[in-house]
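The next block holds one structure in the form of structure tokens; read it before the comments.
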């Protein structure tokens, strides 16, 4: 009963932030006008309808899908590797997806110049971009999983992931060096992160993938509880350990790959939000953690988008700068809390 109440509160916060993301921006639109536009009634000003339906609503939906997907992926990575500092960006998964994108864009995939990478590539190039990002993320995950078989120390595995991410980023730097200036400009703008890159046409791919694969993650509560207790215990409980790991890797690779392809490499949400969810729910049961993490991830993404767009101003901040400002204190708090608990303070 307590968890259901908490979930209801989180959903109410998420809905409030969603409406605020539609209301605030360079032009402030009254909430009553937002509700009128969303219910199909004509607004007081035609320009408001255009702003909401063509720009703010797709951006808010993208933030919800991306935030929930990255947060759930981070939680599953932390459970799979039993590493509280694991996450799509820390383990190099986002770097693998970024390399896939770079190979498509800088390998001759981009045509006419636009500040939006997805527009550069056209319909088929768009799908190729997504597949390349998924393949890059999946490859990195597979390599890390193989390394985990030979490395018992979780911090060593974390260092391997970080160094692997640096190696992949160095390859991207080489590709940038030999690319045309206009493609470099588009790629760098994409690398800053942005929830506003997804139009309604592209939403036909993005939102169903996030919903389908994110929903699949929410069904893995019991298997993830088994993984948390270790391979030996999981097998004794009848859990197919190899199948579960492959399923977790597949879901994570698709979610991170698709989100990175459309929104850029978004950092810190995947590693910080699971810790916030654990602190909020006070449980390690993934049947409760998964939905709480998904809702919290969507809410944090909306907060980051609100801060990035600087309400009342025409300027827009890089999304990754905002997520770093939000996520870094959470990770520092977790590390300090863990160190103090080891010394007996907690």
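The values are calculated or read from the model by the stated rules, or taken from the named source; none is laboratory data. If you're wondering where the values come from, they're calculated on a predicted model, not measured in any experiment. Every residue, glycine as well, gets a Cβ built from its backbone with ideal geometry; the counts of neighbours run over all protein chains shown.
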Check: Mind checking which residues of the range 210-229 are free of Cβ contacts under 8 Å to residues at least 40 places away in the same chain and either under 17 Å from residue 145 (Cα atoms) or outside any helix (DSSP H, G or I) (or both)?
Finding: 219, 229
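Let's see how each residue does on (1) in contact (Cβ under 8 Å) with a residue 12 or more places away in the chain; (2) touching a helix residue (DSSP H, G or I) at 6+ places or on another chain (Cβ under 9 Å); (3) crowded, with 23+ Cβ neighbours inside 10 Å; (4) assigned to a loop (DSSP other than H, G, I, E, B):
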{"position": "235", "(1), (2), (3), (4)": "no, yes, no, no"}
{"position": "247", "(1), (2), (3), (4)": "yes, yes, no, no"}
{"position": "257", "(1), (2), (3), (4)": "yes, yes, yes, no"}
{"position": "261", "(1), (2), (3), (4)": "yes, yes, yes, no"}
{"position": "267", "(1), (2), (3), (4)": "yes, yes, no, yes"}
{"position": "272", "(1), (2), (3), (4)": "yes, yes, yes, no"}
{"position": "278", "(1), (2), (3), (4)": "no, yes, no, no"}
Item checked: Candidates 245, 287, filtered to the one that is modelled with pLDDT under 85 and more than 25 Å from residue 101 (Cα to Cα) -> 245
Checklist line | Selected residue (only one of 40, 74, 69, 25 is surrounded by fewer than 18 Cβ atoms within 10 Å (Cβ to Cβ) and either at negative phi or out of contact with any strand residue (DSSP E or B) (no Cβ under 6 Å at 6 or more places or on another chain) (or both)) | finding: 40
Item checked: Flag for residue 137 being at pLDDT 80 or above and either part of a loop (DSSP other than H, G, I, E, B) or buried (at least 20 other Cβ atoms within 10 Å of the Cβ) (or both) -> yes
Check: Given the conditions (1) surrounded by fewer than 17 Cβ atoms within 10 Å (Cβ to Cβ); (2) farther than 28 Å from residue 67 by Cβ; (3) in contact (Cβ under 8 Å) with a residue 40 or more places away in the chain, which single one is not true for residue 240?
Finding: (3)
Check: Inside the range 177-190, can you point out the residues that are touching a helix residue (DSSP H, G or I) at 6+ places or on another chain (Cβ under 7 Å) and assigned to a helix (DSSP H, G or I)?
Finding: 183, 184, 186, 187, 190
